[in-house]
Amino acid sequence: MNCLFCKIVEGSIPSKALYQDELCYAFADINPQAPTHVLVVPRQHISSLAEATDNDTPLVGHMVSAAAEIARAGGLSKGYRVVINTGDDGGQTVDHLHVHLLGGRPLTWPPG
Ligand code: AMP
Ligand code: ZN
């Protein structure tokens, strides 16, 4: 499958690994929108949150927990944001489920 994040997970496209376990892989976003900008992706290909099923609920929870752990380890004690862009209106540009972890500066709301 021609999927950018599958290739990053398997290592054929390089990335800066920040966390990994049996279910997910986390790496630095190539175009950071905040001082900390990490992507957490499942090792298995799921194209978006909209495509996730009930079977994937533990995996999605695990990814969010991994983001919180990365935030703790990265010293984001003042707070951070976790985002899952989904579909065209959600601004999703890579069709492999991913959690954005953003932090290290005050983040405004609402997003664009
Ligand atoms: P989204 O727009 O929510 O689908 O997020 C996709 C993210 O992937 C964007 O923030 C991109 O900057 C990031 N991205 C694209 N290519 C790479 C890459 N090769 N390595 C790391 N991050 C990437
Ligand atoms: Zn994929």
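Give me the residue from the stretch 52-91 that is in a helix (DSSP H, G or I) and touching a Pro at 6+ places or on another chain (Cβ under 9 Å) and, out of that set, nearest to residue 34 (Cα to Cα).
For the stretch 52-91, the residue satisfying everything is 63.
Do we find that residue 85 is within 16 Å of ligand 2 (Cβ to nearest atom) and either loosely packed, with under 15 Cβ neighbours inside 10 Å or without any contact (Cβ under 8 Å) to a residue 24 or more places away in the chain (or both) in this structure? If you could, list the steps in order and put the result at the bottom.
Working: within 16 Å of ligand 2 (Cβ to nearest atom): yes; either loosely packed, with under 15 Cβ neighbours inside 10 Å or without any contact (Cβ under 8 Å) to a residue 24 or more places away in the chain (or both): yes.
Here the answer is yes, as residue 85 does meet what is asked.
When residues of the stretch 10-51 are filtered for being within 9 Å of ligand 2 (Cβ to nearest atom), over 22 Å from residue 91 (Cβ atoms) and not in a loop (DSSP other than H, G, I, E, B), how many remain? Steps first, please.
Kept after step one, since they are within 9 Å of ligand 2 (Cβ to nearest atom), are these residues of the stretch 10-51: 41-42, 44-47.
Keeping just the survivors that are over 22 Å from residue 91 (Cβ atoms) gives 44.
Applying the additional criterion that residues be not in a loop (DSSP other than H, G, I, E, B) yields none.
Looking only at that region, the number is 0.
Conditions tested, residue by residue: (1) of a type in the set (Phe, Trp, Tyr); (2) surrounded by 16 or more Cβ atoms within 10 Å (Cβ to Cβ); (3) more than 11 Å from ligand 1 (Cβ to nearest atom); (4) under 13 Å from the mean Cα position of the chain (by Cα).
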{"position": "4", "(1), (2), (3), (4)": "no, no, no, no"}
{"position": "21", "(1), (2), (3), (4)": "no, no, yes, no"}
{"position": "79", "(1), (2), (3), (4)": "no, no, yes, no"}
{"position": "92", "(1), (2), (3), (4)": "no, yes, no, yes"}
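Just to be sure before I move on: is residue 15 surrounded by 17 or more Cβ atoms within 10 Å (Cβ to Cβ), without any contact (Cβ under 8 Å) to a residue 24 or more places away in the chain and within 11 Å of ligand 1 (Cβ to nearest atom) in the structure I sent? Explain how you work it out, then say what you get.
Values: surrounded by 17 or more Cβ atoms within 10 Å (Cβ to Cβ): yes; without any contact (Cβ under 8 Å) to a residue 24 or more places away in the chain: yes; within 11 Å of ligand 1 (Cβ to nearest atom): yes.
It is true that residue 15 is surrounded by 17 or more Cβ atoms within 10 Å (Cβ to Cβ), without any contact (Cβ under 8 Å) to a residue 24 or more places away in the chain and within 11 Å of ligand 1 (Cβ to nearest atom).
How many residues does the stretch 25-54 contain that are loosely packed, with under 15 Cβ neighbours inside 10 Å and within 25 Å of residue 73 (Cα to Cα)?
Matching residues across the stretch 25-54 total 7.
Any chance you could count how many residues in the stretch 67-77 are open to solvent by less than 40 Å² (accessible area, probe 1.4 Å) and touching a strand residue (DSSP E or B) at 6+ places or on another chain (Cβ under 7 Å)? Walk me through it before giving the result.
Pass one, the stretch 67-77, residues open to solvent by less than 40 Å² (accessible area, probe 1.4 Å): 67-68, 70-71, 76.
From the residues that got through so far, the ones that are touching a strand residue (DSSP E or B) at 6+ places or on another chain (Cβ under 7 Å) too are 67, 70-71, 76.
Residues that pass the stated criteria total 4.
The values are calculated or read from the model by the stated rules, or taken from the named source; none is laboratory data. Everything numeric in this text was worked out from a predicted model, so none of it was measured. Backbone-built Cβ (ideal geometry, glycine too); neighbour counts: all protein chains shown. The protein model used for the area step is the full one, side chains on, heavy atoms only, and it has no ligands, DNA or RNA in it. Shrake-Rupley method; radii C 1.70, N 1.55, O 1.52, S 1.80 Å.
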